[in-house]
């Protein structure tokens, strides 16, 4: 999958120049999209990547979230307050150092 994405982005950049890249995903696809967005930002050394997910689970610790936020600053995580997936994995109060963290820009929808 990675090689196909990189090939497609490279061909699009060759044909159209420096494009804005938008990466999106839903639920577990959002988690995969997060790694894809980080990969693209590091490979192309670009801050011109927009990343938006819907219902994505937590995927990293505080250090990862901080690193990701610097590498892909245009990041938005949209969740619904009653959706279980964005709150996984759960926090364990006995192991605070093992917490998973969200990215800084999160939109929580409570009622719609």
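The values are calculated or read from the model by the stated rules, or taken from the named source; none is laboratory data. As the structure is a computational prediction, the values presented were derived from the model and not from experiment. With ideal geometry, Cβ positions are generated from the backbone for all residues, glycine too; neighbour counts draw on all protein chains shown.
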Task: Sole exception among (1) at pLDDT below 90; (2) under 22 Å from residue 110 (Cα atoms); (3) touching a strand residue (DSSP E or B) at 6+ places or on another chain (Cβ under 9 Å); (4) surrounded by fewer than 18 Cβ atoms within 10 Å (Cβ to Cβ) for residue 84, by number - done: (3)
Task: Any hit, the stretch 30-41, residues being modelled with pLDDT of 90 or more and not in a helix (DSSP H, G or I) - done: no
- [ ] State which residue is surrounded by the fewest Cβ atoms within 10 Å (Cβ to Cβ) when the search covers only the stretch 6-29 and only residues that are part of a helix (DSSP H, G or I) and under 16 Å from the mean Cα position of the chain (by Cα).
- [x] 28
Task: Every pair of residues 6+ apart whose Cβ atoms lie under 8 Å, when the first sits in the stretch 44-59 and is at positive phi while the second is crowded, with 20+ Cβ neighbours inside 10 Å - done: 55/30; 55/79; 55/86
